[in-house]
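Accompanying notes for the structure given below.
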Amino acid sequence: MFKIVHAAFIAPGIKRFVVEAPRVARKQKPGQFVILRLYEQGERIPLTIERSDPERGTINIVVQSAGKTTHLLNSFETGDRILDVVGPLGKPSEIQNFGTVVVMGGGVGTAMAYPTAAALKKAGNRVIAIVGARNKELVILEREMGEVSDTLMITTDDGSYAEKGFVTDKLRQLIQNGTRIDLVLAVGPIPMMKAVADVTRKEHIHTVVSLNPIMIDGTGMCGGCRVLIDSKSEFACVDGPEFDAHRVNFEVLVQRNAMYREAERRSMAEFQQEIEAKRQTVRQELEQLCGMNGSRRDAGATVEGRRDAGAAVECRPDVDATVGGLR
Amino acid sequence: MTPVKTPSANPLAMKERMKVPRQHMPEQLAQIRATNFTEVNLGYPAELARQEALRCLECAKPACTDRCPVGVKVKEFVQLIVAGDFLGAAAKIREDNVLPAITGRVCPQEDHCEGGCLMGKKVQSLGIGYLERFVADYEQQHLDIKNIKRAAATRKKVAIVGSGPSGLTAAGDLVQKGHQVHVFEALHEIGGVLVYGIPEFRLPKQIIREQVDYMRAMGVEFETDVVVGRTVTIDELLDEEGYDAVFIGTGAGLPQFMGIAGEHLNGVYSANEFLTRINLMHAYEFPRYDEPMVELAGKNVAVIGGGNTALDAIRSALRLGAGKAYVLYRRSEAEMPARAEEVKHAKQEGIDFQVLTAPVEFLSNGQGWLKAARCVRMELGEPDASGRRRPLPIAGSEFELPLSVAIMAIGTSANPIVQSTTPGLETSKRGYINANPETQRTSRKGVFAGGDIVTGSATVILAMGAGRRAAKSIHDYLSTGAW
């Protein structure tokens, strides 16, 4: 069991957890990830490690609500526990003084890019960070990325903050301005990483992307995370997660990541129904209690106190918020 | 009291024993079991077990024991069954085999004990596996594990990396010598391939849990969610965590693929992934469990390969409702490495064996999903390096087999994690750990290895044999300090 010592939303639907995992914290290097399983019937999902604190024995993970497991996890609070956390997994990022490095984070991918940016900065690189998000509220780790880069650029798809456009627009500008770029690291949604690869391929700029295929064990056993690299199968959990962007077959990655879409939708729908059913029961119970309170105040108070505790556990405000947000 | 050589309690003369037929293992009806994940074999009741035990010829030089990778004293435990001392029989097996309920179910007995049985040469071999399973299950029901005696502590600490058959065996043997044994497991459940690889209908998870509980009662410590090499290195175990010796039993690694066109299509699985989803993650209980599996109901499914893993995968697919379930194997049935009983069971359940057949290409439905396999028929040529006759494609024999799911069960390669993070640990060209076949010692002092990570894909019992040799050798090393 792994205790959550702190949990807080850092953007709508994106939550940061500080989790007690001393062994992982001691070994974590930039570019690595963990796999976790929330409860006995849960699936194993890979998640970004944003940073770790070896002294306190904690790791930070940043989670965006997407399917059932991430929605459920994002309803967890400080003091809750996670059944399994295993890691750090994957090969660490290659850190050396390349010269000028552009680190690009798209959406929640910024959390994965951040520790590598920090390590590259420490290794003496000039770090240009480009962070992109759909809108102002979804820009994450702005301050942190600012601290570990020489230049920080931000784009939003809708222009609600900083510059309107995509991270690739900024990258193209840099190239057009004649900025010498020795390495590009891009972590984000697949279309973003593919777009970055397309831009840099023409310019022959070495580009690394961190891939997020479907994964089960993460230890080099099941082979579920295989990706096509130069038309050869490689495995993200032991050969990656970082790969040369110009060798990655992104179409196959998109196709394979869609393999369980129907099942994922079904899981999520049933989970929402469960919450909705619970909400109805709780609402009815509370309404009944209101009626009882009117006639027998003392007895009502006792019952109310007990029932309320139950309601708080089963129907937290943030569960409502995330589910509402998904609709 | 002077020890007396156990006299045989068997009332039958040799000739009479030969006349007793091999007792049939009660099993679920094929049509019924093909739709559920509960165990196929139901186990002998005590009466059948005694009847079967009476068939033992009590050879002076029993080949059964010689051919057992862990050296189970078959004749002696069978005599104890005849005498009605079932717990004694279990204890007798446990002297050499700490996982009898597991080997009784999954060992390829025809290649080992039963293959050596003299009765087999005359009529039908003794049902040694069935008897082993019977006494192990009897022990589980009748022995209170709280009463298990622990050996006197030696104050030596041994780390076991991986909780599969080799690791569990080494752990069991070492704890009986009084060493402090700590087992690290990468996954969230103990058992390695026994848990993620072998399906419920062949080896129920409950059996593994019981065997593991037994080992806990013996004093073995278990820690899940630790990927040695990543979470902690071998050197850290030795230098910082105070272990005196380490045994590496990390097992089979990444699945191999054929390298043919279309293997990346959705619907093409490795057997490891397919089985892990079902066994470890309970995808067959979706959506009660969260892990999904592609819809198999009414679909055509094929496994490529002829080993136990292949049969486990395709029989699981059948239980998930596959309309047609094929085994595509490039050699003939005689070369098939799967256990004889599994082939028999699979046929009874309606699996369609297409032997001397191999896919050459997987075809897409145009939307990224598998639609069919283009296959070719084979014939057998001269023997190859494995000693088996090499399969050769027959020109002009190609045909298309409509398929929604194809499962690749053609072997695995070495998992690189421990090797790549342990300086000085020598490996073979193919990446397996080099270990002395008798002592299981590696190139690193105090580090031993065994099982699939040394030999490549093999069987549960061969891995257990390696675990057993390693335990003996680790004990010698810890006792003498000599390397």
Practice task
Go through segment A:46-71 and give me each residue that's of a type outside the set (S, T, N, Q), more than 9 Å from chain B (Cβ to nearest Cβ) and either within 23 Å of B:Glu189 (Cα to Cα) or part of a strand (DSSP E or B) (or both).
Solution key: A:Pro46, A:Leu47, A:Ile49, A:Glu50, A:Arg51, A:Asp53, A:Ile59, A:Ile61, A:Val62, A:Val63
Completion exercise
Subset of segment A:72-83, residues open to solvent by 10 Å² or more (accessible area, probe 1.4 Å) and within 14 Å of another protein chain (Cβ to nearest Cβ), comes to A:Leu72, A:Arg81, A:Leu83
Problem - Conditions (1) among the hydrophobic types (A, V, I, L, M, F, W, C); (2) touching a helix residue (DSSP H, G or I) at 6+ places or on another chain (Cβ under 7 Å); (3) in the same structural domain as A:Leu174 (by TED's automatic domain parsing); (4) within 30 Å of B:Pro416 (Cβ to Cβ); number of the one not met by A:Ile95 - result: (3)
Completion exercise
A:Tyr260: passes all of (1) open to solvent by less than 20 Å² (accessible area, probe 1.4 Å); (2) more than 9 Å from every other protein chain (Cβ to nearest Cβ) but (2)
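Anything in segment B:355-372 that is in a loop (DSSP other than H, G, I, E, B) and more than 27 Å from the chain's Cα centre (by Cα)? List them, or say none.
B:Asn365, B:Gly366, B:Gln367, B:Gly368
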Handout entry: Residues satisfying the stated conditions in segment B:288-317, i.e. in contact with an Asp or Glu (Cβ under 6 Å, 6 or more places away or on another chain) and either over 15 Å from B:Gly197 (Cβ atoms) or surrounded by fewer than 20 Cβ atoms within 10 Å (Cβ to Cβ) (or both)
Key = B:Asp290, B:Glu291
Practice task
Could you tell me which numbered condition B:Leu238 fails, if it satisfies all but one of (1) open to solvent by 10 Å² or more (accessible area, probe 1.4 Å); (2) facing chain A (nearest Cβ under 9 Å); (3) closer than 30 Å to B:Arg441 by Cβ?
Solution key: (2)
Handout entry: Complete set of residues in segment A:46-63 that are in contact (Cβ under 8 Å) with a residue 40 or more places away in the chain and of a type in the set (A, V, I, L, M)
Key = A:Ile49, A:Ile59, A:Ile61, A:Val62, A:Val63
Exercise for the section: With the condition kept exactly as written, say whether any residue in segment A:202-214 is farther than 14 Å from A:Val102 by Cα, open to solvent by less than 20 Å² (accessible area, probe 1.4 Å), within 10 Å of chain B (Cβ to nearest Cβ) and of a type outside the set (Gly, Ala, Ser). Expected result: no
Exercise for the section: Would you mind stating whether B:Val405 is out of contact with any Pro (no Cβ under 6 Å at 6 or more places or on another chain), buried (at least 16 other Cβ atoms within 10 Å of the Cβ), at pLDDT 95 or above and not small (Gly, Ala, Ser)? Expected result: yes
Practice task
State yes or no: is B:Ile453 under 13 Å from B:Phe247 (Cβ atoms) and either in contact (Cβ under 8 Å) with a residue 40 or more places away in the chain or in a loop (DSSP other than H, G, I, E, B) (or both)?
Solution key: yes
Handout entry: segment B:394-436: number of residues that are within 14 Å of chain A (Cβ to nearest Cβ) and not in a loop (DSSP other than H, G, I, E, B)
Key = 11
Handout entry: Among residues of segment B:320-354, those that are within 21 Å of the chain's Cα centre (by Cα), buried (at least 22 other Cβ atoms within 10 Å of the Cβ) and not aliphatic (A, V, I, L, M), counted
Key = 2
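Kindly indicate whether any position in segment A:8-25 is over 17 Å from the mean Cα position of the chain (by Cα), closer than 18 Å to B:Glu223 by Cβ and of a type in the set (D, E, K, R).
Checked segment A:8-25: at least one residue is over 17 Å from the mean Cα position of the chain (by Cα), closer than 18 Å to B:Glu223 by Cβ and of a type in the set (D, E, K, R).
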Handout entry: Residue list for segment A:108-127, restricted to those being more than 12 Å from the chain's Cα centre (by Cα), among the polar types (S, T, N, Q) and crowded, with 24+ Cβ neighbours inside 10 Å
Key = A:Thr116
Problem - Selection count where residues are away from every other protein chain (no Cβ under 11 Å) and hydroxyl-bearing (Ser, Thr, Tyr), scope segment A:263-283 - result: 1
Practice task
Please name all residue pairs, on different chains or six or more residues apart, with Cβ atoms under 7 Å, provided the first residue is in segment A:86-103 and is more than 10 Å from chain B (Cβ to nearest Cβ) and the second residue is of a type in the set (Asp, Glu) and in a strand (DSSP E or B).
Solution key: A:Ser93/A:Glu242
Exercise for the section: Please specify each residue of segment B:178-206 satisfying the condition of being under 17 Å from the mean Cα position of the chain (by Cα), among the aromatic types (Phe, Trp, Tyr) and within 14 Å of another protein chain (Cβ to nearest Cβ). Expected result: B:Tyr196
Problem - Odd one out for B:Tyr214 among (1) surrounded by fewer than 24 Cβ atoms within 10 Å (Cβ to Cβ); (2) facing another protein chain (nearest Cβ under 9 Å) - result: (2)
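The values are calculated or read from the model by the stated rules, or taken from the named source; none is laboratory data. Everything numeric in this text was worked out from a predicted model, so none of it was measured. Positions of Cβ are backbone-derived with ideal geometry, glycine not excepted, and every protein chain shown enters the neighbour counts. Quick note on the areas: whole protein, heavy atoms, side chains included, nothing else; ligands and nucleic acids left out. Shrake-Rupley method; radii C 1.70, N 1.55, O 1.52, S 1.80 Å.
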